[in-house]
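The block underneath contains the structure these notes are about, expressed in C-alpha cells.
The values are calculated or read from the model by the stated rules, or taken from the named source; none is laboratory data. Given the structure is predicted, the values throughout are model-derived calculations rather than measurements. Backbone-built Cβ (ideal geometry, glycine too); neighbour counts: all protein chains shown.
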Amino acid sequence: MIRFDDVVVRYPRASVDALSGVSLEARRGALTAVVGPNGSGKSTLVRALIRRTALTRGGIFVDDKPVATMDGAELARTVAVVTQREELAFPVSVLEYVQLGRFPHLGAWHSAGERDRRAVEESIDAAGVRELRERRIDAISGGEWQRVRLARALAQGGSALVLDEPTTFLDVGHEMAVFELLHRLARAGQAVLLVSHQLNLVARFADHMVLFHHGSVSAAGTPDDVMRADVLERVYEWPLVVIRDPAVGAPALVPLRSR
Amino acid sequence: MTLARWLMLLASLAVAAFVAIAVGTITVPLSAVFDAFRGVTDSTPAMVVTTLRLPRVALAILIGAGLGMSGAALQGTMRNPLAEPYLLGVSGGAAVGAVIATTLGFGATIVPLAAFVGALTAVGAAFIVARAAGSLGDPRVLLMAGVVVGAFANAAIMVMLANAESNTVRNALWWMMGSVADATRTQITVLFVYVAAGGCALVLLGRQIDILALGEDAAAGLGVDVDRAMRNVFVVASLIAAATVAAAGLVGFVGLVVPHIVRAAGVRHHRSLVAGSAIVGGTLVVLADLLGRILRPPAELPLGAVTALVGVPFFLIKLRRLR
Amino acid sequence: MATRITTYSALRASFSMAGVPVFRLRSTVLIFASALSAALSGCRAADAPRVATAAADPVDDFGNRIAITKPPARIVSLNPTTTEILFAIGAGGRLVGRSQYDTFPDSAKTVPSLGPALRPSVEAIVAAKPDLVILYASEDNRPAFDRLRQAGIPTVGFKLDSIDHFRRDTRLLGRITGDSARAVAVVDSVSATLERVRRATANLPRPTVFIPTWEKPIIAIGGGSFLSELVEIAGGTNIYASIPTPSATVTIEDIVARNPDFVLAGRDRERPIRALANWRAIPAVRDNHILAFDFDLISRPSVQLGAAAVAIATLLHPGSVR
C-alpha cells in the first residue's frame, strides 16, 4: 500500500546519502517494522513520506499513486503519520487535539459534521484515552501523551498508519498495549508501518521486518529471517546472541557485555 | 467563544471608543458628540470631535487590531508565546527608513512611506539571512535572522543620529515613541485597507496555524504545506505590522500582550484568536491613547510609552504564574 | 526686578526645565530663556541696576567668575546674539571666529565660521588662537567650556534668553571689551524703544496669542522667553505665559481649550501650519488669524529687540506705534 521504490535521499551539503536506494513495502493488513541503529535513516524515511525531505532519486507510492503528485490533504486523509516529536506551545484539551486530526477532511472552511465527531470519539476509544478527554495536553504524562497522539492519527481516518518511535516514554504495560493495538489495527486491514528501537517487541508483533544500516536495507523478511545474530551484530556493532523466547516463542535479542 | 462573549468584546470596544472621543483636555459633552456624528460641526467641541478625537480613535483601533492580529498569528506559527509583530525586523527597518527620511529633510508625507519600505526591506533581509542559514521553516532560525537584522538597523540608526542636527534627532525620537496624534484621513484609509485585507487573510489561515502549532513535521503529516503556510503568515503579518508602523510609529507590546489576553479568555483556535485579538487590540490601544492624553496634562505621553507601561506588569504577572 | 548674581544658581538649576534649544534647518538658532520671575514684565529701563559692585568680578551663566585683565583682541563668539552685540558695541573687528548660525549683521559673514554653536569643535576654536571665547551657556557646551579653560583660554558662557539677559550681557561685554559707554548707550536705546512700544499699547485691549515653534511635538513659547516678553510689551498676552520655562511641549487640545485670538509664527511656518489637518480645531487657525513675523528680526534677544517689539505691535495693533 505504501511502497518505497529505490529511494535515495541526500541532505543538502551532506557528503553521504541518508537513504541510498531503499525499497520496501508496507502492505494492508500487515504490521511492517523498520529497525536499525541510530542514524541509519529510519526517520528520514518517514520525513520523505510526508514530503518534508526531497527525494534525490526514486519514488514513493501510496496505492500505486506517486506521493509527489498527491495533494497534501489527500495524502493526509489516506496515510496518518505520527512523528517522533511534537510539542504544543499553547496547550489545548485532549479532545481539541484529537479533533485536529480531522483537518485533512475539513480544510480551512468546513465545520465539523456528524461523521467527524464520530471519528474523533471512536479514535479516542481505540487509543484508550477516554478518561483523559477533558484534560489539558500539558497536564498528562508522557505515556498518556503518546496514546493521545495515536488517537489523533486514528482520527485522520486513513487506511495506513505510519509511526516513528511511538513507544518512547511508555512503561511496559502501556508499551504492550500500543503494540497490541497496532497489531489489531493491522489485522483489521490497516497498513501499519512502524519505526522502532524495540527489536524484541517488534519481533513478536511485526509481520514484516526491515533492518536499516547506513541508509540502506541490510535485511528484510519475517522476524525469523531478520533476527539473526550475525546480521544484527554486524549492524549494531555490539556482541549479542539471539534466542527463542521460551515464553512467547518469538526470536529475542540478548546483548552481551562488551569484550 | 460564545456569541455572548463576542458581543461583550465588541461592546467594550464601542464603550472605550466613545469614552476616548468624549474625554480629554476638553471634555466634550454628549450632545456635542452626537452633533459631530450628525455632521453639525460649528461648535468648538464638535470640531474637536471630528478634527481631533475621531481620527485618533479610528487610527488607534486600526493600530490595535492590526498589531493584535499579527501577534496572534505569529505566536501560533512560530510556536512561541513571546513572538510579536516586530520580530522579523519590522521595527528596526521602519526606524531606519524614518530616520533616513527625517535626516534628508522630508516631511510628514514621505516619512511614513520610507518607514513602510524600510520595514519590508528588513523583513526581506531577515528571510534572506534565514535562507542562507539553511532553513526557512525553522522558526528559530528566522527569529535569529530577525534579531540580526534588528541589531544592524539599530547600529545604522545610531550612526545616522550621532551627527545629525537636533531637529532630526527630536523628530526621529518622537516618531519612534509612537503616536496617533497626527492621524490623517489618508493614513486611516490606507491602514484600514491593510488591516482589513490582512486580517481576513489571517483568519482564513487560522486553521492552518492551528496545525502549524503542532510542529512542522506533524503539520506536514496532516497535509499542510508547511513552508508555504508559514511564509504566507509571515508575509501578511509583517505587511500589517509595517503598515501600522508607517501610520503611527513604533507601538510596542500590543502584539505581544493581546493574544495572551484573548487566550486567557479561553480562546484556542486561531480563527477566533485572530478575530478576538483584533477587537481586544483595538480596545487596548484606544485606552492607552486615552491614558496618554489625560495622565500628565497639558503634555501627552507617547503611545509607545503607555503600552510598554501596561505590558510590563502584565508580564510580571504571567511570569509569576509560570510553574 | 530680579538681580543677576544671586539668581545664577537658580538659573542653572532651572535650565534642566528649560526648553531644549530648537535648531531649524535654516541657519538660525532660537535661544530661550531660563527661569525668571514674573516681575520681568514690569521691568523698566530706568530700573536697570548697576553691575554688582565695581570691586567684585562679574559671574557668567556657568557660574564662573569672569576675570579679564585686559580687553581681548581676538574674540571667538559662538552665538548669534553675542556676535551681533559685539558688532553693535564696536568690537566686531576683533572677531576671529563665529558659529555657522551667526549671520547678523551682514559684516558678520566675513568672520570665519567655526561650525556649530552647541558642542563646537574645540580644535577649530583653539586653532583660531583667541584670547576670549564666548559660548552659549548650555550643558551641551560644558565639556567644550572645560577643555578651553584647561587650555588656558579665557572662556565665558552667556545665557541670553531674556530681555534682561540682553541688558546685563551687553553691559558685561562692553566692560570686557573696554568700551562700557558704548554698550550702555546700545542698551539704553533698545530700552527706550521698548518703553515707547509699551506705552503705545498700554491701554489697548490685549489679544491672547499662541506662539508655536515646532509642530511634532507641538512646542510653544513659554513665559520664560524673551519672545513672550516682547508680546507682553507689544500689547498682547501669551497663552502660555504662566509656564516659567522658555518653551514647553503642549497638546493641541490644550491650545484649543485656551483658545488664543492669534497664532504668531515665523513667516516660513505659516504654510506648514495651515496644512496640518488637526490644527484646524483651533479657532484662530480655522478663522485664519495667523500673524506671520520676520523670523530673522525676532529670533534673538539682541540689538534688534526694539525693532522686534515694534514689528509685533504692528501685527497685534496695526497703526498703534509710530
Name every residue in the stretch C:242-260 that is within 7 Å of another protein chain (Cβ to nearest Cβ) and of a type outside the set (Asp, Glu), in order of residue number.
C:249, C:250, C:251, C:252, C:256, C:257
Output the number of residues of the stretch B:66-78 satisfying the condition of being within 14 Å of chain A (Cβ to nearest Cβ) and under 18 Å from residue B:267 (Cβ atoms).
7
So residue A:208 clears everything in (1) touching a helix residue (DSSP H, G or I) at 6+ places or on another chain (Cβ under 6 Å); (2) at pLDDT 90 or above except one condition, right? Which one?
(1)
Selection over the stretch C:170-193 where residues are more than 10 Å from residue C:88 (Cβ to Cβ) and free of Cβ contacts under 8 Å to residues at least 12 places away in the same chain yields a count of 2
Across the stretch B:79-111, the tally of residues that are at negative phi and either within 14 Å of chain A (Cβ to nearest Cβ) or part of a loop (DSSP other than H, G, I, E, B) (or both) stands at 14
Lone unmet requirement of (1) among the acidic types (Asp, Glu); (2) at pLDDT below 90; (3) crowded, with 18+ Cβ neighbours inside 10 Å for residue A:138:
(3)
Qualifying positions in the stretch A:194-215 - of a type in the set (A, V, I, L, M) and without any contact (Cβ under 8 Å) to a residue 40 or more places away in the chain:
A:201
Of the residues B:151, B:114, B:155, which is more than 14 Å from every other protein chain (Cβ to nearest Cβ) and touching a Phe, Trp or Tyr at 6+ places or on another chain (Cβ under 9 Å)?
B:114
Index of the failed condition, residue C:138 passing every other in (1) buried (at least 24 other Cβ atoms within 10 Å of the Cβ); (2) under 30 Å from residue C:229 (Cα atoms)
(1)
Identify the residue in the stretch A:104-131 that is over 20 Å from residue A:180 (Cα atoms) and of a type in the set (A, V, I, L, M, F, W, C) and, among all such residues, is surrounded by the fewest Cβ atoms within 10 Å (Cβ to Cβ).
A:109
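Rundown of residues vs (1) within 14 Å of chain A (Cβ to nearest Cβ); (2) surrounded by fewer than 24 Cβ atoms within 10 Å (Cβ to Cβ); (3) among the small types (Gly, Ala, Ser); (4) under 27 Å from residue B:133 (Cα atoms), yes/no style:
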position: B:160; (1), (2), (3), (4): no, yes, no, no
position: B:172; (1), (2), (3), (4): no, yes, yes, no
position: B:175; (1), (2), (3), (4): no, no, no, no
position: B:184; (1), (2), (3), (4): no, yes, no, no
position: B:189; (1), (2), (3), (4): no, yes, no, no
position: B:199; (1), (2), (3), (4): no, yes, yes, no
position: B:218; (1), (2), (3), (4): yes, no, yes, yes
position: B:246; (1), (2), (3), (4): no, no, yes, no
position: B:254; (1), (2), (3), (4): no, no, no, no
Matching residues in the stretch B:1-29 - criterion: being without any contact (Cβ under 8 Å) to a residue 40 or more places away in the chain and either within 14 Å of another protein chain (Cβ to nearest Cβ) or not hydrophobic (A, V, I, L, M, F, W, C) (or both):
B:2, B:21, B:22, B:26, B:27, B:28, B:29
I'd like the full set of residues that are at pLDDT 75 or above, surrounded by fewer than 24 Cβ atoms within 10 Å (Cβ to Cβ) and away from every other protein chain (no Cβ under 11 Å), limited to the stretch B:39-65.
B:58
Within the stretch A:64-133, which helices (runs of 4 or more DSSP H) (wholly inside it) include 1 or more residues that are out of contact with any Cys (no Cβ under 8 Å at 6 or more places or on another chain), of a type in the set (A, V, I, L, M) and at the interface with chain B (Cβ under 7 Å from one of its Cβ atoms)?
A:72-78
Could you please let me know if residue B:258 is within 25 Å of residue B:52 (Cβ to Cβ), more than 14 Å from chain A (Cβ to nearest Cβ) and either outside any loop (DSSP other than H, G, I, E, B) or of a type in the set (Ser, Thr, Tyr) (or both)?
no
Exactly one of B:263, B:268 is touching a strand residue (DSSP E or B) at 6+ places or on another chain (Cβ under 9 Å) and within 14 Å of chain A (Cβ to nearest Cβ), and that one is B:268
Considering only the stretch B:220-236, state which residues are away from every other protein chain (no Cβ under 12 Å) and surrounded by fewer than 19 Cβ atoms within 10 Å (Cβ to Cβ).
B:231, B:235
Selection status of residue B:297, at the interface with another protein chain (Cβ under 9 Å from one of its Cβ atoms) and of a type outside the set (Phe, Trp, Tyr):
yes
Taking the condition in contact with a strand residue (DSSP E or B) (Cβ under 6 Å, 6 or more places away or on another chain) and buried (at least 17 other Cβ atoms within 10 Å of the Cβ), does residue C:313 pass?
no
Inspect all residues belonging to the stretch A:148-164 and state whether any of them is touching an Asp or Glu at 6+ places or on another chain (Cβ under 7 Å) and more than 28 Å from residue A:64 (Cα to Cα).
no
Of B:106, B:127, the only residue that is modelled with pLDDT under 85 and hydrophobic (A, V, I, L, M, F, W, C) is B:106
Would you list the strands (runs of 3 or more DSSP E) that sit entirely within the stretch A:179-259 and hold 2 or more residues that are in contact with a Lys or Arg (Cβ under 6 Å, 6 or more places away or on another chain)?
A:191-195
